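**Q** The structure is given below, and queries will be raised subsequently.
The values are calculated or read from the model by the stated rules, or taken from the named source; none is laboratory data. Please read these numbers as outputs of a predicted model, since none were measured by experiment. Here Cβ is always computed from backbone atoms with ideal geometry, including for glycine, and neighbour counts include all displayed protein chains. Accessible surface is based on the protein model in full, side chains and every heavy atom, while ligands, DNA and RNA are left aside. Shrake-Rupley method; radii C 1.70, N 1.55, O 1.52, S 1.80 Å.
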Amino acid sequence: MVAQAVRGLFPSFVPGDVEPSGDDLGLLAELLFDVQTGIVTAGASIVNAIQIDNPINEITSGGTAQTVELPPALVGQIIWVVNSTTSTKNVFACPANPFSGKADLLILHSVATATTANTLQSANIVAIYICVRPGVWKQGWMT
Amino acid sequence: MAAPASVLGLFPSFQPGFRVVDGSDLLALTQQLFSSATGITAAVGGGQTAATILTSIINEVTVNATAANSVMLPAAMVGAQVFIVNSTTLAIQVFGQPTNPYTGVGDTIILHSGTAPVATGTGVSQATALVGMYTCLRPGVWKQGLFS
């Protein structure tokens, strides 16, 4: 079974004296510090969604309600999306999470429990997406 | 008094130079970065003494029968960040530890809109649907930030 939590991604991290895998250490660093800026959205449907792969992401261009797609949700993962454009963007959860075999869902920033496949993120908003349980992201807007 | 009081002190085998490290330190690192718990119930009756203790970095509260039912942050260690997702329809009350083993006194929380720590037995409120980020800036003191 493939790990559904970030903590399961580092097989060389085991108790005792170890020489940790450089791959695991590299992945850890990527999960913490990798940044993608210059993201340009291209369309208004999930088919056109730009894939987000990094923990920190900046959308710098694109039209209203154009789309990006979060990575497959892994418990414990935190994704930041900075919308540095003047228009709202549409953020989709992954429609086919390879870890769960199902579509991921989102809980909107202003909602306590209800889930949805996608959600809007307004212009100039910094949003955080936290994977709180398998396949589910919680959105928060920094105020 | 128990040490360490800072997250950086949790990884004693991380020393300069090429070396074998203690895998337990690596696991402690992933615990500090990625641990997560859901299905958390805020303690009925509220208050600090009986508050549900949070042990993960990401914590989703899903059961909250009455407004101001309570949860408690782990002992405040400098550099720690804890997220609380309030996936209930009522506000929760968030407390620090009544006695932090590193400082010997109760942890306090600075409200998201304030500058002074609130008394340890008072706690701070976190409204429905909000994500709270609690950052330990100095020993025994959390700063609350809110994502709407």
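**Q** From the helices alone, meaning DSSP H stretches of at least four residues, give me the mean residue ellipticity at 222 nm for chain A, per-run term -39500 (n - 2.57), in deg cm²/dmol to the nearest 500.
**A** Rounded to the nearest 500, the figure is -2500 deg cm²/dmol.
**Q** With every protein chain left in place, what is the accessible area per residue of chain B in square angstrom, probe 1.4 Å?
**A** Each residue of chain B exposes 41 Å² on average to a 1.4 Å probe.
**Q** Same structure again: Over the stretch A:1-68, average the accessible area per residue using a 1.4 Å probe and give it in Å², no decimals.
**A** 54 Å²
**Q** Hey, another quick one. With a 1.4 Å probe and every protein chain kept in, tell me what percent of the accessible surface of the stretch A:3-143 is carbon plus sulfur.
**A** 58 percent
**Q** Computed FRET efficiency, Cβ-Cβ of B:Arg19 and A:Ala3, R0 30 Å: what is it to the nearest 0.05?
**A** 0.65
**Q** Still on this structure, please answer the following. Provide a whole-number value for the mean count of partner chain Cβ atoms within 10 Å of the Cβ atoms in peptide A:101-111.
**A** 2
**Q** A follow-up question, please. Per the Debye formula with a single identical scatterer at each Cα and no solvent contribution, what log10 I(q)/I(0) holds for the stretch A:60-125 at q = 0.13 Å⁻¹?
**A** -0.37
**Q** Expressed as a whole percentage, what fraction of the accessible surface of chain B belongs to carbon and sulfur atoms when a 1.4 Å probe is rolled over the protein heavy atoms?
**A** The computed percentage sits at 64.
**Q** Checking the cross-link filter: which aspartates and glutamates have an alpha carbon closer than 18 Å to that of A:Lys89, excluding same-chain neighbours under 8 positions apart?
**A** A:Asp53, A:Glu58, A:Glu69
**Q** Quick one: which bits of the stretch A:116-143 get at least 10 Å² less accessible when the partner protein chains are in, versus the chain alone, with a 1.4 Å probe?
**A** At a threshold of 10 Å² (probe 1.4 Å), the residues of the stretch A:116-143 that become less exposed are A:Ile128, A:Ile130, A:Val132, A:Arg133, A:Lys138, A:Gly140, A:Trp141, A:Met142, A:Thr143.
**Q** Sticking with this structure for a sec: Assuming 1.002 mPa s and 20 °C, estimate D for chain B with Stokes-Einstein, Rh taken as the Kirkwood radius over Cα pairs, in µm²/s.
**A** For these conditions, the coefficient is 137 µm²/s.
**Q** Given points 7 Å out from each Cα along the Cα-Cβ axis, report the B:Thr122 to A:Thr88 separation in nanometres with one decimal.
**A** 3.9 nm
**Q** So, one more: Under the rule of at least 5 residues apart or a separate chain, name every residue whose amide H is placed under 5 Å from the amide H of A:Ile125.
**A** Distant-sequence amide H within range of A:Ile125: A:Asn83.
**Q** Would you please give the residues with an amide H less than 5 Å from that of A:Leu120, counting only those at least 5 places away or on a separate chain, with H modeled from the backbone geometry?
**A** Hits under the 5 Å cutoff: A:Val91.
**Q** Additional query: Computed on protein heavy atoms with a 1.4 Å probe, what is the summed buried accessible area for the chain pair B and A, in Å² to the nearest 100?
**A** Using a 1.4 Å probe on protein heavy atoms, the buried area is about 2600 Å².
**Q** Could you give me the radius of gyration and the Dmax of the protein assembly as shown, taking only the C-alpha atoms into account and expressing both in angstrom?
**A** 19.5, 59
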